[in-house]
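S.K.: Please see the structure below; I have some questions.
The values are calculated or read from the model by the stated rules, or taken from the named source; none is laboratory data. Only a predicted model underlies this, so the values are computations on that prediction, with no experimental measurement involved. All Cβ positions, glycine included, derive from the backbone under ideal geometry; neighbour counts span all protein chains shown. Note: areas computed on protein heavy atoms with side chains; ligands, DNA, RNA excluded. Shrake-Rupley method; radii C 1.70, N 1.55, O 1.52, S 1.80 Å.
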Amino acid sequence: MGKHYGRSTERWIDPVGGHSHAATVRQLLRYYLLLEQGRPAAALAEMKRAFALDVPKDGPAYEMKAQLIGRFAVTLAEAGRKKDAVETIQKLLAEAPTGSVAEANAWLDAGSVYRKAGMPEEALKAFDRSLELAQKLAKTRPEGDRPPRRPPQGERRGPPPPRSPGEGPED
């Protein structure tokens with residue numbers, strides 16, 4: 001059990017104490033499904049279970065957990081539970097590893113929470129911090145880990161497609 005993540009040779013064994021990081025993905029999906037079904041109490045219980053997961057902060061499972069908590073805080077704000085939303089996002093910001101993808105995402109969600117909570121100055125600062133971190137992370141990301149550049153409209157990559165007989169110049 002354990003998978004390689006990215007291009008690193010480092011191996012993350014059992015990232016969620018006996019589970020794959022899919023545990024947090026499953027909980028995120030269950031949370032949204034329960035909300036869709038009009039079962040907010042069950043969705044809240046699912047989120048509390050996700051919060052209790054003890055995952056290493058330097059792995060992909062933590063990024064997923066942090067994203068889950070951030071989205072939950074935004075949902076609380078949208079539901080009018082502004083105080084709970086602000087407390088949740090501030091707790092996440094306090095525990096997210098400095099300079100990580102999880103921190104950048106947490107600041108983005110904090111901006112949304114603060115905006116919905118009627119705190120425009122804090123929202124602007126949070127969005128600025130998220131953008132600053134994202135730019136910094138993009139510069140430090142190894143070239144091999146970046147997604148391939150999409151060719152501009154009309155530009156092709158690779159060899160030309162094979163021609164059909166009778167098509168194009170003769171040999």
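S.K.: Quick check on the stretch 21-104: what are the equivalent-ellipsoid semi-axes from the Cα gyration tensor, as sqrt(5λ), descending, whole Å?
M.R.: For the stretch 21-104, the semi-axes come out at 21, 16, 9 Å.
S.K.: Can you give the accessible area of residue 132, probe radius 1.4 Å, in Å² rounded to 10?
M.R.: 100
S.K.: Now, a different point. Rolling a 1.4 angstrom probe over the protein chains, ignoring ligands and nucleic acids, what is the accessible area of residue 71 in square angstrom, nearest 10?
M.R.: 80
S.K.: Set the Förster distance to 22 Å, then compute FRET efficiency between residue 90 and residue 54 from the Cβ-Cβ distance, nearest 0.05.
M.R.: Approximately 0.60, to the nearest 0.05.
S.K.: Between their Cα atoms, which of 65/91; 48/83; 65/125; 82/136; 48/136 are more than 21 Å away from each other?
M.R.: 65/125; 82/136; 48/136
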